[in-house]
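Report on one structure; see the data block that follows.
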Amino acid sequence: MNHCKTIAIVNQKGGVGKTTSTVNLGVGLAKAGNRVLLVDDDPQNSLTICLGTSNPDNDLDTTLATAMYAEIQDEPVPWEDAIIHNSEGVDLLPANIELSGVELSLFNAMSREQVLKSVLNRVKDRYDYILIDCMTSLGLMTVNALVAADSVIIPSQPNFLSTKGLNLLIRTISRVRRQINPRLKIDGILMTMVDSRTNNAQKIIASLRSTVGGSIRVFDTEIPRSVRAAEASGVGKSIFAFDSKGKVAQAYANLTKEVMELAKESDRSRPDSAR
């Protein structure tokens with residue numbers, strides 16, 4: 001890659017595998033030789049917990065909230081204290097409950113949609129990929145993530161309620177693209193927790209590919225439903241460290257290849273790619 005690619009993992013519906021996908025795609029990219037930063041953009045701090053910090057509210061003094069408050073107040077961002085270096089090769093900008101207060105502070109901040117972008121711009125030259133695990137809403141914190149991102153991955157379960165909310169999310173992404181971040185693209189919709197034994201799941205996936213597949217990629221990779229993925233999160237590990245031979249690890253390895261190929265295509269299409 002010629003530059004750092006920032007990807008927001010977003011869906012306003014909970015329970016669709018955003019955090020699991022952020023962890024495992026991030027570790028997959030790191031295993032492929034990339035420098036990766038994961039950003040926990042959710043005060044529920046699931047990403048931070050899944051990467052081994054069991055009690056972020058008590059154990060962490062410096063988090064994404066600290067960095068964003070510093071940016072709002074035009075003070076130095078304490079990067080060296082904020083970053084957690086994980087044993088699986090990724091860096092983490094963690095979150096705790098303090099992040100819930102940041103959204104309120106953003107309403108009175110100058111360039112309030114740009115704060116997270118400004119924070120991440122300070123360290124983009126250290127990384128090949130930055131993955132942002134977004135909160136389950138389309139509020140100002142999620143808008144900050146979309147403004148900071150080059151592209152979006154949308155995890156979605158193959159059921160009616162999950163796919164029903166995609167139109168609202170896609171409209172929000174389009175509005176951010178029109179008004180604030182014209183470079184923002186949708187890398188694709190990622191089907192998660194797929195039970196290939198059920199006809200209903202396959203019908204919904206087929207319908208989604210036929211209805212939106214012409215304008216929005218639906219990743220070839222489908223993440224299968226497996227208790228092993230939940231167990232991995234529970235012990236603070238990626239699926240690669242917990243069950244490297246399993247079907248979920250293989251699926252995330254395949255997704256990693258798809259995402260890296262998209263990044264290469266994006267690099268080739270950049271105006272300065274021939275320089």
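Here are the numbers for this structure:
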quantity: Rounded percent of accessible protein surface that carbon and sulfur make up, the chain, 1.4 Å probe; calculated: 47
quantity: Directionally averaged projected area (convex hull, Cα atoms, the range 152-207), nm²; calculated: 3.9
quantity: Kirkwood Rh and Cα Rg combined as Rg over Rh, evaluated for the chain; calculated: 0.94
quantity: Helix-only [θ]222 nm of the chain, DSSP H runs n ≥ 4, -39500 (n - 2.57) each, per residue, nearest 500; calculated: -13000 deg cm²/dmol
quantity: Charge sum, other residues only, whose C-beta stays under 12 Å from Leu140's C-beta, Lys/Arg counted +1 and Asp/Glu -1; calculated: -2
quantity: Other-chain or far-sequence residues with amide H under 5 Å of Thr6's (modelled H); calculated: Ile130, Asp150, Ser151
quantity: Contour minus Cα-Cα distance for Ser244 and Ser54 (0.36 nm per residue); calculated: 66.1 nm
quantity: Reduced Cα scattering model of the range 57-209, Debye log10 I(q)/I(0), q = 0.19 Å⁻¹; calculated: -1.22
quantity: Positive-pole candidate from Val235, Thr256, Ala145, dipole of the range 139-275, charges at beta carbon; calculated: Ala145
quantity: Lys, Arg +1 and Asp, Glu -1 on Cβ, resulting dipole of the chain about Cα centre, debye, nearest 20; calculated: 1480
quantity: Residue-by-residue Karplus 3J(HN,Hα) for the range 150-159, coefficients 6.51, -1.76, 1.60, Hz, glycine and proline x; calculated: 8, 7, 10, 10, 10, x, 8, 6, x, 9
quantity: Quotient of C-alpha Rg and 2.2 N^0.38 Å, computed over the range 13-103; calculated: 1.07
quantity: Average Cα contact separation per residue, the range 33-118, under 8 Å, 6 or more apart, as relative contact order %; calculated: 38
quantity: Relative contact order (percent, whole number), the chain, Cα cutoff 8 Å, 6+ residue spacing; calculated: 26
quantity: Under-5 Å amide H pairs with Ile186, H placed in peptide plane, nonlocal only; calculated: Val152
quantity: Per residue accessible area of the chain, 1.4 Å probe, in Å²; calculated: 45
quantity: Dipole in debye (nearest 20) - the range 1-46, about Cα centre, beta carbon charges: Lys, Arg +1; Asp, Glu -1; calculated: 200
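The values are calculated or read from the model by the stated rules, or taken from the named source; none is laboratory data. Bear in mind that the values here come from a model prediction, so they are computed numbers and not experimental data. No Cβ is skipped: glycine too gets one built from the backbone with ideal geometry, and neighbour counts run over all protein chains shown. Accessible surface is based on the protein model in full, side chains and every heavy atom, while ligands, DNA and RNA are left aside. Shrake-Rupley method; radii C 1.70, N 1.55, O 1.52, S 1.80 Å.
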